[in-house]
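The structure under discussion appears below in the form of structure tokens.
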């Protein structure tokens, strides 16, 4: 049954989906109602897209974690750079590869100078936090004696 022909509306598609499936379990129907309620309460479709991506359980966990606080996600470009840095760090610091070998892993050009600086900064960050953890453990051991 086609209730909405050629529509681009999310709510129309969701209503259509509700009617197309005849043997949904009760929980499926309840979750679809939840999806519609989320759409109705949203000022934009971002939360609806998150609901579709994460599903009700993960979205609930996310909402409970942030509880109406505003968060700023990295841009797609920033996230891609982080993924590249992660791989470069792994090859450089964990596998001990030289820059020529590291560059061979990537189908695109990476800057050894730029990533070298970032790897060093990440290493310093990790060392700083490890020192903080060790100092905290040391203080706890002293206080326990």
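Using all Cα-Cα distances in segment 76-144, what percent lands in each 10 angstrom bin from 0 up to the longest? Final binned percentages: 18, 40, 20, 14, 7, 1.
Extension gain, residue 9 to residue 136, is 40.3 nm, computed as 0.36 nm per intervening residue step minus the present C-alpha separation. Go ahead and run the numbers for FRET between residue 83 and residue 60, Cβ-Cβ distance against an R0 of 30 Å, rounding to 0.05. Working from the Cβ atoms, E equals 0.65. Between helix 46-66 and the chain there is an angle of about 60 degrees, using the helix long axis and the longest principal axis of the Cα atoms. Just so you know, the Cα atoms of the chain work out to an Rg and Dmax of 24.4, 75 Å. Computed from Cα atoms, the angle from the helix 112-144 axis to the main principal axis of the chain rounds to 80 degrees.
Computed from Cα atoms, the angle from the helix 26-41 axis to the main principal axis of the chain rounds to 80 degrees.
Efficiency by 1/(1 + (r/R0)^6): what FRET value for residue 49 and residue 105, r their Cβ-Cβ distance, R0 = 25 Å, to the nearest 0.05?
Numbers: r = 33 Å, r/R0 = 1.31.
Efficiency, rounded to the nearest 0.05: 0.15.
Of all the options 74, 56, 107, the one that moves most in a Gaussian network model of the chain with Cα springs shorter than 10 angstrom is 107.
As a test of the formula, what do you get for the chain when each DSSP H run with n ≥ 4 contributes -39,500 (n - 2.57) and the sum is divided by the residue count, at 222 nm and rounded to the nearest 500 deg cm²/dmol? The partial results should precede the final answer.
Values: 6 runs with 101 residues, N = 145.
So the helix-based figure for the chain works out to -23500 deg cm²/dmol.
Every number here is computed from the coordinates shown, using simple stated rules; none is lab data. Keep in mind it's a predicted model, so treat the numbers as computed, not measured. Methodologically, a virtual Cβ is constructed for each residue, glycine included, from the backbone with ideal geometry; neighbour enumeration extends over all protein chains shown.
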